[in-house]
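Structure first, then comments.
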Amino acid sequence: MKQARFCFYLCALLLMTASALYGQSYPRFKVLAFYSRTVEKAHVDFADDAIQFFKELTVGNGFVFDTTSNMEDLNDAKIKDYQLLMMINDFPHNQAQRDAFEKYMENGGGWLGFHVAGYNDKTTNWPWFVNFLGGAVFYKNNWPPLPAKLTLDDTLHSITKGLPHTFISPVGEWYQWKPSPRENKKVKVLLSLSPENFPMGIKHIIKEGDMPVVWTNTDYRMIYLNMGHGPHILTDATQNKLIIAAFRWVITSDKKGNVIDR
Ligand code: ZN
């Protein structure tokens, strides 16, 4: 009798452990990555690498990584089931796409944008997007693309925790913004280009000024990373760790629930 009862408890315990371990259904979340093949070659090169990089992270069916080069997919019906929209080397093209993106983000959607995805200038005429980026407007870039020393602004944030306080980022084209998003109280800058890089460039030279590289506008579930130019971006383990941490942070900050750590 005692043995039967022991067996019952043991079986119940095993079942509870099994459901705790395997109760999570997979895939845990869905990502839709937008990219273009009709942009400058260095941005296409990055897209090819980034798609392979993120597809490799889906191993074991942890999450779905869908890609599209059709910006018309940026509509309510298509994006509603995705927990993160990634802009690898492109941005919304017309008003309908802009409207769908605004609605998605204002309702708690996730965004990870690289390099040209944040580009905007006097001709963009999209005030919502400038505000979304924390006020950043493109000002200038170095040329040719160069490696750069980056410095952490925040060593405790889950995106930068554990990274070296400075590291050399692979060859890239770096943007300077005017105004700098750092001037916006809602922006948290995580990583900046070190002033030790100045003067930076051979054809186009950046001599001075603030250069935030990775930041979030705390009003949104978003991270912007200035990396994304050329075929070398994903060749550095430190930087790859940062990119994965940024991706993970956008997913785990979902107000509808943390699908990774719960
Ligand atoms: Zn570029």
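When the range 40-54 is filtered for residues that are within 13 Å of the ligand (Cβ to nearest atom) and of a type in the set (D, E, K, R), the ones remaining, listed by number, are E40, K41, D45. For the range 63-108, taking the residues that are closer than 11 Å to V31 by Cα and under 13 Å from the mean Cα position of the chain (by Cα), the one that is nearest to the ligand (Cβ to nearest atom) is identified as M87. Being hydrophobic (A, V, I, L, M, F, W, C), without any contact (Cβ under 8 Å) to a residue 12 or more places away in the chain and either away from the ligand (no atom under 16 Å from the Cβ) or under 26 Å from E208 (Cβ atoms) (or both) holds for only one residue in V137, V116, V130, and it is V130.
Looking only at residues in the range 154-186 that are charged (D, E, K, R) and away from the ligand (no atom under 16 Å from the Cβ), the one that is surrounded by the most Cβ atoms within 10 Å (Cβ to Cβ) is R182.
Since every read-out is calculated from the coordinates, none of them should be taken as a lab result. Small disclaimer: the values here were computed from a predicted structure and weren't measured. Using ideal geometry, Cβ is built from the backbone for each residue, glycine included, and neighbour counts are taken over all protein chains shown.
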